[in-house]
Structure formats: structure tokens, C-alpha cells
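Everything on this sheet refers to the single structure shown next.
The values are calculated or read from the model by the stated rules, or taken from the named source; none is laboratory data. The shown structure was predicted, so the numbers you read here are calculated from the model rather than taken from an experiment. FYI the Cβ positions are ideal-geometry reconstructions off the backbone, even for glycines, and counts take in every protein chain you see.
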Amino acid sequence: MQLMQDYPNSDIIQLRKERELTRNVFLVLTKEIEQILNVFRIDYGVTLITWSDLVEFDLDTLYPVNDKVKFMKTQQCDDSMVFETYMEPGGDFGLHHHDIVESVFIKSGNLVELERGGKKYIEGDTVIYSANEKHKPTSTVGSVYSVVFTRKI
């Protein structure tokens, strides 16, 4: 095991600079993701969530929206992203829209779309939101969704 005194001083200074840069990048990304999650969490009116916003989420990391909703990005390529979303009874997202198409496949449970007059979708249904369509999904039972965002390149 090497001790600090075994490294040249210039190497130690360089390592500290690299560590500081990495820490700053991490803090910026953490703040950006927290801002996006707050948009989903709090209903301040209609909020736009863009493709660029969704790209910020890491693959295979579970993100809590609130105490009843969480999601994980499971796939990403140039023109699509897939998220797995978990909603407990009474869970919901704030009113929002996207600059891309969103397709929600209900794997289990249900989805109630408040912006469509409370229309209820059940297991096996797919709900498609066009780009810029306002939506506020909620659920009355524990539910799991596969959500695909697609864009034209």
C-alpha cells in the first residue's frame, strides 16, 4: 500500500483537482435532477418536461417523485427512452407535458387520467400522450407502467 508521501507532490495536486472537478460535476447533475423531480412532484400548473430533461436521469437508478411514485430509466437510444414507473394507491404526478410522444403501457393496476375527465385505463391498456398534451396521471391501486418516450430525429 502506497502512502501519501510516496506520491510526487504534483501528482497529489493533480488528483485533488480531478476529484474537485468530479465533485462539482456531480453536484450540478444532482441539482438538475432534483429540479426535474420537483416538477413531477409539485403541481405549480402546467410544466414542460423535455427530452433533454429526461436524458439527465441515469440508467437503472430508482428516483422517488414523492412518497407514492418512483421511476427508473431502463433503456435509452437516440430516438427513445424507456422508464419503469411504480405508483402506489393515490400516487400522482403534477400537471405536465412533454415535447415528445409518451406511451404508457399498464403492466399492472390502473391509470386514471385527470386531464381526460378521469378516464380509467386498466392492466393491458396503452395510453398515448401526443407531444405537448397536458396530463396528470394518478392511480387508485398499486400500479406498474412501462413508459416509452419517442422523438423524431
statement: If we keep only residues of the stretch 82-102 that are at pLDDT 95 or above and part of a loop (DSSP other than H, G, I, E, B), then the residue farthest from LEU59 (Cα to Cα) is PRO89
field: Selected residue (only one of PHE71, PHE105 is touching a Phe, Trp or Tyr at 6+ places or on another chain (Cβ under 7 Å) and either surrounded by fewer than 19 Cβ atoms within 10 Å (Cβ to Cβ) or not in a strand (DSSP E or B) (or both))
entry: PHE105
message: If I ask for residues that are outside any strand (DSSP E or B) and closer than 26 Å to SER52 by Cβ, which ones from the stretch 124-153 would you list?
response: SER130, ALA131, ASN132, GLU133, LYS134, LYS136, ARG151, LYS152, ILE153
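Only one of SER52, SER10 is part of a helix (DSSP H, G or I) and at pLDDT 85 or above; which? Lay out the reasoning, then the answer.
Working: SER10 fails: at pLDDT 85 or above.
It is SER52.
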field: Looking only at the stretch 108-153, and only at residues there that are within 20 Å of the chain's Cα centre (by Cα) and acidic (Asp, Glu), the one that is surrounded by the fewest Cβ atoms within 10 Å (Cβ to Cβ)
entry: GLU133
message: Being among the charged types (D, E, K, R), under 21 Å from PHE57 (Cα atoms) and loosely packed, with under 15 Cβ neighbours inside 10 Å: is that true of ASP79 here?
response: yes
